[in-house]
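Accompanying notes for the structure given below.
The values are calculated or read from the model by the stated rules, or taken from the named source; none is laboratory data. In this text, all values refer to a predicted model and were calculated from it rather than measured experimentally. Methodologically, a virtual Cβ is constructed for each residue, glycine included, from the backbone with ideal geometry; neighbour enumeration extends over all protein chains shown.
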Amino acid sequence: MAKLQVHQFPCLSDNYGYLIHDSESNVTAAIDTPEIEPLNAALKSQGWTLTHIFNTHHHFDHSGGNLALKAQWHCQIIGSKTDAERIPGIDLLMADGDSFDFGGHRVQVFDVSGHTLGHIAYYLPDDAALFSGDALFALGCGRLFEGTPAQMWHSLQKLLALPDNTLVYCAHEYTQANARFALSVEPQNDQLQQRAREIDALRAAGQPTVPSLLGIEKATNPFLRPMSPNLQDTIHMTDAALVDVFAKTRQLKDNF
């Protein structure tokens, strides 16, 4: 089996688009459709033909290009079964725990509701790749527009269970701001302090901070760390239930 190729490109103001490609089967999927022109330019630059769209959720900066791209490329659109009415042009409906084949690569689907209801993430275990949309960011998680803190913490626990070597391809370049917040709630985390310095250097050089390793997220991302004694102490939630610590952390971020 050929190694999956991932092509990352910037679009809109702070989104990332992704194309994933298998050279043997000549299939190419776009992870969401944030902006049509950069996506088509990326396809052209690689010499690839768009065969699939994997939607994570319905927000316009993730599905706004679906119909135009489907009309242009006659590609298949895959999305959430529970949010099918809000995914333009959806063909294949996926639920939590489902999996499908993409050019010989197994793709597992997780329902990670919280940011929106019906948000899904795509995990390719043989390629150690997670496309998390707006559920999990580098050093962050999505704002809870539709779900509850309990739903989001349940969702994030599914991702916490994945191997440390998983590369997390999230949908936005929010990492520098996320690092500032993370340091405010877990200031004694040495690994976080080092990561924040590395992020500042990358952004100063105009480089992306995405993808990130899940193992590093587990060690530094406050939304994956409600069990941290330093975080609990800093936000005055010592020995509280983890879901309550998560909820307080999310509330603090909303007002940061």
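Considering Ala121, Ala150, Ala128, the condition of being touching a Pro at 6+ places or on another chain (Cβ under 8 Å) and in contact (Cβ under 8 Å) with a residue 12 or more places away in the chain is satisfied by Ala128 alone.
When Lys218, Lys248 are checked against the criterion of being within 18 Å of Val112 (Cα to Cα) and not hydroxyl-bearing (Ser, Thr, Tyr), a single residue qualifies: Lys218. Among residues of the range 163-192 being closer than 19 Å to Gln232 by Cβ and surrounded by fewer than 16 Cβ atoms within 10 Å (Cβ to Cβ), the one that is farthest from the chain's Cα centre (by Cα) is Gln188. When Thr56 is tested against (1) in a loop (DSSP other than H, G, I, E, B); (2) farther than 19 Å from Pro211 by Cβ, only condition (2) is not met.
Mind listing just one residue for me: the one in the range 197-247 that is among the basic types (Lys, Arg) and closer than 17 Å to Leu136 by Cα and, of those, farthest from the chain's Cα centre (by Cα)? The residue in question is Arg225.
Would a scan of the range 163-178 turn up a residue that is in contact with a Phe, Trp or Tyr (Cβ under 7 Å, 6 or more places away or on another chain), among the hydrophobic types (A, V, I, L, M, F, W, C), within 27 Å of Leu19 (Cβ to Cβ) and not in a strand (DSSP E or B)? Looking for residues that are in contact with a Phe, Trp or Tyr (Cβ under 7 Å, 6 or more places away or on another chain), among the hydrophobic types (A, V, I, L, M, F, W, C), within 27 Å of Leu19 (Cβ to Cβ) and not in a strand (DSSP E or B), one finds at least one in the range 163-178, hence yes.
Please verify whether Leu213 is out of contact with any Lys or Arg (no Cβ under 8 Å at 6 or more places or on another chain), among the aliphatic types (A, V, I, L, M) and on the phi < 0 side of the Ramachandran plot, treating the condition exactly as stated. Considered against the rule, which asks whether it is out of contact with any Lys or Arg (no Cβ under 8 Å at 6 or more places or on another chain), among the aliphatic types (A, V, I, L, M) and on the phi < 0 side of the Ramachandran plot, Leu213 comes out as yes.
Taking the listed residues Gln108, Gln157, Gln72, the one that is assigned to a strand (DSSP E or B), without any contact (Cβ under 8 Å) to a residue 60 or more places away in the chain and surrounded by fewer than 21 Cβ atoms within 10 Å (Cβ to Cβ) is Gln108, with no other qualifying. Among residues of the range 127-147 being among the aliphatic types (A, V, I, L, M) and part of a strand (DSSP E or B), the one that is surrounded by the fewest Cβ atoms within 10 Å (Cβ to Cβ) is Ala129. Within the range 78-98, residues that are within 16 Å of Thr33 (Cα to Cα) reach partners that are small (Gly, Ala, Ser) and surrounded by fewer than 17 Cβ atoms within 10 Å (Cβ to Cβ) with beta carbons closer than 6 Å, at six or more positions or on different chains, in the pairs Ile90/Ala84.
Of all residues in the range 83-137, those satisfying the criterion of being closer than 20 Å to Leu162 by Cβ and of a type in the set (Val, Ile, Thr) are Val107, Val109, Val112, Ile120.
Restricting the range 11-20 to residues that are free of Cβ contacts under 8 Å to residues at least 40 places away in the same chain and touching a strand residue (DSSP E or B) at 6+ places or on another chain (Cβ under 6 Å), which is surrounded by the most Cβ atoms within 10 Å (Cβ to Cβ)? For the range 11-20, the residue satisfying everything is Gly17.
Residues satisfying the criterion are absent from the range 204-215 (criterion: over 23 Å from Asp127 (Cβ atoms) and surrounded by 14 or more Cβ atoms within 10 Å (Cβ to Cβ)).
Does Gly47 satisfy the condition of being without any contact (Cβ under 8 Å) to a residue 40 or more places away in the chain, surrounded by 15 or more Cβ atoms within 10 Å (Cβ to Cβ) and not acidic (Asp, Glu)? For Gly47, the condition - without any contact (Cβ under 8 Å) to a residue 40 or more places away in the chain, surrounded by 15 or more Cβ atoms within 10 Å (Cβ to Cβ) and not acidic (Asp, Glu) - is not met.
For beta carbons closer than 6 Å, sequence separation of 6+ or different chains, a first residue in the range 50-68 that is at pLDDT 95 or above and a second that is of a type in the set (Lys, Arg), the qualifying pairs are His58/Arg86.
In the range 227-256, of all residues being under 16 Å from Asn178 (Cα atoms) and of a type outside the set (Lys, Arg), the one that is surrounded by the fewest Cβ atoms within 10 Å (Cβ to Cβ) corresponds to Asn255.
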